[in-house]
Structures are given as C-alpha cells and as structure tokens.
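**Q** Okay, handing you the structure first.
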Amino acid sequence: MTVHFIGAGPGAVDLLTLRARDLIAASPVCLYAGSLVPPEMIEICPPGARTIDTALMTLDEILDEMLRAHRHGLDVARLASGDPSVFSAMAEQMRRLEAEGVPYDVCPGVPAYAAAAAALGRELTVPTVAQTVTLTRIAARATPMPPEENLADLGRAGGTVVLHLAVHRIGEVVEALAPAYGGDCPAAVVAHASREHEIVLRGTLDGMPEAVREAGIERTAVIIVGDALAARHFPDSHLYSNDRCRS
C-alpha cells in the first residue's frame with residue numbers, strides 16, 4: 001500500500017502527466033479538494049473507488065482516511081492542485097505518515113504558475129531583463145510568513161514575482177511591490193488557468209486591483225509582476241548564439 005501525492009496540475013484534465021493518470025486509475029481511494037480538482041479528473045478513478053472531497057476536512061480527518069486505507073492495504077491517490085512541491089500542505093501530511101510507518105511517494109504535476117505563463121504567452125525569464133523567479137504568497141488569514149520573507153523585501157530582489165493564494169488581497173500586493181517595481185510595472189492575473197472559464201488580465205501593477213474587482217476574481221488565481229511580461233528589446237540567449245563554443 002502506498003499514498004501517492006499526485007500533482008493534479010492547474011485544472012485541465014489533459015495536463016495531467018501520464019504517470020498521474022495511471023496512479024489515479026489504479027488507486028481504490030482518492031482524496032482531493034473539490035474546490036480545485038474538476039469532477040472530470042475524479043472520473044479517472046477505478047470503478048467502486050472511495051472518493052473523498054477534503055475541502056472541508058481537517059488534517060486529522062484526512063490522515064484518518066489514509067490510515068484506514070493503509071489498514072485495508074489500499075493505495076491512495078492524494079491529489080494536490082498544480083505541483084505538490086509548492087503550497088500543497090504535503091509536508092505536514094508526509095510527516096504524519098512517516099510517524100505512522102505509512103509508505104508514500106510523490107508524482108509531480110504542471111504548476112499553476114506555468115499554466116498562467118502559458119496563458120499569457122510569456123517567458124518569465126528573459127535575457128538581461130529577468131533571470132530570477134520568486135514564488136511566494138502573503139500571509140492574510142493563512143499561516144504567517146517567516147519574518148525574512150516579507151513581500152516588500154522579496155520585491156527588492158527584482159526579477160519576476162509570482163504570487164499564489166493572494167488575489168483576494170491584491171491591494172496589499174500592490175502596496176508592497178510598488179516601491180520596488182513602480183506602479184507602471186507590467187503585471188497580470190490569471191484565474192483558473194487552463195480551464196474553460198480561464199480569465200486573463202494584463203496591465204500595470206497599479207491597475208490590477210480595479211481589474212480584479214471588475215472581473216470578480218476572488219480565488220484560484222496567480223499574480224505575476226515584472227518587466228519580463230512586456231519585454232520586447234533584449235539580446236538573444238547565449239544558449240543559441242553563433243558565438244557560443246559548441247565543441
């Protein structure tokens with residue numbers, strides 16, 4: 001028996017990896033957040049599978065389901081939106097499983113920020129413009145951020161900033177990043193990336209709060225800020241340069 005932590009991707013079923021699809025199809029138990037994972041993905045589960053929406057469950061309740069499956073020798077597909085290496089609460093679940101002696105593994109998925117960048121048709125790292133991507137969030141009503149990871153301080157490092165779990169506090173995001181990036185810095189918000197109801201907003205940092213309010217976006221969105229979003233005049237990458245030694 002194994003608990004499989006599976007990156008379910010940004011939402012589109014056809015963005016599941018082949019490995020993820022096969023693990024879901026072979027697991028008699030599936031735990032997923034119904035608010036983030038579409039019903040079509042759950043249809044991949046085998047006939048008669050026990051499918052459990054964890055959106056309103058506590059960590060203890062989720063672990064109880066995993067331990068129940070362990071006692072019956074049943075594999076568990078634990079779906080996490082995007083890629084489980086970022087903001088998935090996987091670490092605390094793995095810690096509990098290790099304490100109980102329950103085996104687990106991890107299947108990566110397409111991260112939400114990658115789907116957002118694809119929707120925008122932009123590269124987040126552009127030669128001489130941005131070569132660093134900062135993935136972060138804001139505290140809001142969630143777990144406090146480490147003191148040294150204050151958004152304003154992170155913004156001073158430059159590059160492209162990507163925020164998850166923060167669109168409902170877009171005003172605070174702008175306030176924190178504007179001193180370093182300027183209000184006219186290119187910015188975007190992509191909600192429900194890769195889904196049929198995907199929403200893409202492009203504009204400036206200062207203009208994002210109003211655009212988000214007008215679009216009615218309150219959750220399941222990625223905020224991207226940085227000059228890479230609008231870069232046009234930059235040198236070609238050295239990777240493919242005629243001057244690069246390839247011997």
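**Q** Can you list residue pairs whose Cβ atoms sit under 6 Å apart, with the first residue in the range 41-64 being among the basic types (Lys, Arg) and the second being surrounded by 15 or more Cβ atoms within 10 Å (Cβ to Cβ)? Count only pairs 6 or more apart in sequence or on different chains.
**A** Filtered contacts from the range 41-64: Arg50/Val29.
**Q** Another question about this same structure. In the range 211-225, which residues are at pLDDT below 95 and loosely packed, with under 13 Cβ neighbours inside 10 Å?
**A** Those that are at pLDDT below 95 and loosely packed, with under 13 Cβ neighbours inside 10 Å: Glu218, Arg219.
**Q** In the range 18-40, what residues are surrounded by 14 or more Cβ atoms within 10 Å (Cβ to Cβ), modelled with pLDDT of 95 or more and either touching a strand residue (DSSP E or B) at 6+ places or on another chain (Cβ under 7 Å) or over 14 Å from Ala77 (Cβ atoms) (or both)?
**A** Hits for the range 18-40 are Arg19, Ala20, Leu23, Ile24, Ser27, Pro28, Val29, Cys30, Leu31, Tyr32.
**Q** Out of Val133, Val110, Val106, Val76, I need the residue that is of a type in the set (A, V, I, L, M) and free of Cβ contacts under 8 Å to residues at least 60 places away in the same chain. Which one?
**A** Val133
**Q** Can you name every residue in the range 63-85 that is surrounded by fewer than 18 Cβ atoms within 10 Å (Cβ to Cβ) and among the aliphatic types (A, V, I, L, M)?
**A** Within the range 63-85, Leu67, Leu74 meet the criteria.
**Q** Suppose we keep only residues that are surrounded by 15 or more Cβ atoms within 10 Å (Cβ to Cβ) and out of contact with any Leu (no Cβ under 6 Å at 6 or more places or on another chain) within the range 226-235. Which one would you say is farthest from Arg169 (Cα to Cα)?
**A** Ala231
The values are calculated or read from the model by the stated rules, or taken from the named source; none is laboratory data. What you see is a predicted model; the values in this text were computed from it and never measured. Note: ideal-geometry Cβ built from the backbone for every residue, glycine included; neighbour counts use all protein chains shown.
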